[in-house]
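Peer 1: So that we are looking at the same thing, I have put the structure below in structure tokens.
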Amino acid sequence: MGSELIFRGHDDETQLPADAYSPKPHKPWLSIVRPIRYMLCEQRLIFFFVGIAIATLIFTLSTSSTSKVSHIPTYENPINQYHQSSVALTHRFTFENRGSAGGKIPLGLKRKGLRIVVTGGAGFVGSHLVDRLIARGDSVIVVDNFFTGRKENVMHHFGNPRFELIRHDVVEPLLLEVDQIYHLACPASPVHYKFNPCYKTNVVGTLNMLGLAKRVGARFLLTSTSEVYGDPLQHPQVETYWGNVNPIGVRSCYDEGKRTAETLTMDYHRGAGVEVRIARIFNTYGPRMCIDDGRVVSNFVAQALRKEPLTVYGDGKQTRSFQYVSDLVEGLMRLMEGEHVGPFNLGNPGEFTMLELAQVVQETIDPNAKIEFRPNTEDDPHKRKPDITRAKELLGWEPVIPLRKGLPLMVTDFRQRIFGDKEGLASTTTSTSA
Ligand SMILES: NC(=O)c1ccc[n+]([C@@H]2O[C@H](COP(=O)([O-])OP(=O)(O)OC[C@H]3O[C@@H](n4cnc5c(N)ncnc54)[C@H](O)[C@@H]3O)[C@@H](O)[C@H]2O)c1
């Protein structure tokens, strides 16, 4: 059996006539000519070059889009307060490689979600921001001590694997692996911060979150406030205005606290290369605001719903501008994803006196609601109106919801919370996308 396998065919060979097979002489140049001839046949060469051309084109396009990021137009700083985020562009690359919304994502590839901390995420603004981030596909960790926030504001995300909630006071350090930090934790209403002064939260809390941003290379956004302008001597307020603040008044823990928080933020940016963003938020209203928190819109709405008189402090001629919360959230996200440090005024430039606001509330809720005048509170600013030219130009942002459209959305939510009217619930949860 073994011998058969070895010798099979030998018989045939021996039977061939001697001249039946004459091997061609060995031509070494044939090994070169053959592939060339093969390439020239059937227009293969053309296909080859077309392939190279397409590959070159794709490569060129992808590298030029990347280099656009590295040549972000520098915002010429006409006044010292405005800063471009050039210090930390190297961080930007790391950040974009992780799938930032600011980075260019190749066609056909799904955007990779970011890991984002929202301090104060159980509060009014924070919870709406969390809704948007989760809807965008990011993973969100809310850090909140529930001083003014409520679990109810975020509990519709419970069970979502991309959502986590940590009860924590930002005055204590915290270590988390994240890409972005939206730092909102701070009681925003005078009732709360006069009861429990928030200077420590603003200073130590911001310091801790900046430390975290530095450690893990995260981008940090501070929600500062129009209160940094104090009782302004300039109207409307531009970001370059330095403000007129009482450093020892009843509001100073908030006003000066936020001013210090801005200083710390810029220190970490300039000194440690942390990528930072600063938003100066003007009066914002909407669903999930604390009822009876002393802020004028929530006060008026709650009073009108309960058939109580609307309390106007002073002569009611002091002005404020009111921004609907979804507009603010859009501005915050654009700021975080954009290239500019700020500070940016985020507010609605529509200016109302307190009496005009009371009138809108009467029209929306109860035309018979009475107005009651009370002595004005200490250090209440006379005028507030943002100049949002910078945000328009550099973030492409401006508010789109007027007071008369936004107020009814808030009323629905307040009615539901005050009277347990379930009808309002659906519109409340969808209203931020309005
Ligand atoms: N809403 C506005 O009109 C307005 C205007 C200007 C600035 N801002 C700023 O926006 C941010 C959010 O404001 P808001 O209106 O949502 O206020 P809010 O009071 O509803 O939310 C603040 C959140 O921070 C939490 N918090 C407070 N202290 C904390 C601490 N030490 N540790 C952890 N969590 C803490 C609260 O429990 C709450 O959930 C604040 O920083 C505020 O200063 C808001």
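Bear in mind that the values in this text are calculations on the coordinates, not laboratory data. What you see is a predicted model, and the numbers here were worked out from it, not measured in a lab. Positions of Cβ are generated from backbone atoms using ideal geometry, with glycine treated the same way; all protein chains shown enter the neighbour counts.
Peer 1: Could you work out how much longer the chain between residue 270 and residue 61 gets when fully extended? Use 0.36 nm per residue separation minus the Cα distance between them, nm to one decimal.
Peer 2: Here the answer is 71.9 nm.
Peer 1: Can you classify the stretch 361-405 as rounded, prolate or oblate using the Cα gyration tensor, where a ≥ b ≥ c are the square roots of its eigenvalues, rounded means a/c under 1.5, and otherwise it's prolate if a/b beats b/c and oblate if not? Show your work: numbers first, answer last.
Peer 2: Numbers: a/c = 6.34, a/b = 1.53, b/c = 4.13.
Oblate, since a/c reaches 1.5 and b/c is not below a/b.
Peer 1: Next up: Report ³J(HN,Hα) in whole Hz for each residue of the stretch 169-178, in order, from the Karplus equation J = 6.51 cos²θ - 1.76 cosθ + 1.60 where θ = phi - 60°; Gly and Pro get x.
Peer 2: Couplings: 8, 5, 5, 9, x, 8, 10, 9, 8, 9 Hz.
Peer 1: Which cross-chain or sequence-distant (5 or more) residues have an amide H under 5 Å from the amide H of residue 281, H modelled 1.01 Å from N in plane?
Peer 2: Amide H to amide H, under 5 Å and 5 or more residues apart or across chains, residue 281 pairs with 224, 225, 226, 346.
Peer 1: Once amide H atoms are built 1.01 Å from N in the peptide plane, which residues 5 or more positions from residue 310, or in another chain, come under 5 Å H to H?
Peer 2: 370, 371, 372
Peer 1: I'd like the Karplus ³J(HN,Hα) series for the stretch 407-419: coefficients 6.51, -1.76, 1.60, θ = phi - 60°, whole numbers in Hz, and an x wherever there's a Gly or Pro.
Peer 2: Whole-Hz 3J(HN,Hα) from phi for the stretch 407-419: 4, x, 5, 6, 4, 4, 5, 5, 4, 5, 6, 7, 10.
Peer 1: So, one more: Using amide H atoms built in the peptide plane, which far-off residues or other-chain residues are under 5 Å from residue 319 H to H?
Peer 2: The answer is 383, 384.
Peer 1: Calculate, for residue 392 and residue 43, the FRET efficiency according to 1/(1 + (r/R0)^6) with r their C-beta to C-beta distance and R0 51 Å; round to the nearest 0.05.
Peer 2: 0.35
Peer 1: So what's the gap between the Cα centers of the stretch 292-354 and the stretch 116-155, to the nearest angstrom?
Peer 2: 19
Peer 1: Does the stretch 225-352 classify as rounded, prolate or oblate by the C-alpha gyration tensor (a ≥ b ≥ c root eigenvalues; a/c under 1.5 gives rounded; else a/b over b/c gives prolate, otherwise oblate)? The partial results should precede the final answer.
Peer 2: Values: a/c = 2.13, a/b = 1.60, b/c = 1.33.
The shape class here is prolate.
Peer 1: Work out from phi, with θ = phi - 60° and the Karplus expression 6.51 cos²θ - 1.76 cosθ + 1.60, the ³J(HN,Hα) of each residue of the stretch 239-247, listed in order in whole Hz, and give x for Gly and Pro.
Peer 2: 4, 7, 6, 8, x, 9, 10, 7, x
Peer 1: For the stretch 265-373, give the magnitude of the charge dipole about the Cα centre (Cβ charges: +1 Lys/Arg, -1 Asp/Glu; no others), in debye to the nearest 20.
Peer 2: Dipole of the stretch 265-373, to the nearest 20 debye: 120 debye.
Peer 1: Moving on. Report the per residue volume, in Å³, of the convex hull enclosing the C-alpha atoms of the stretch 154-273.
Peer 2: Details: hull volume 16.3 nm³, N = 120.
Each residue corresponds to 136 Å³ of Cα convex hull volume.
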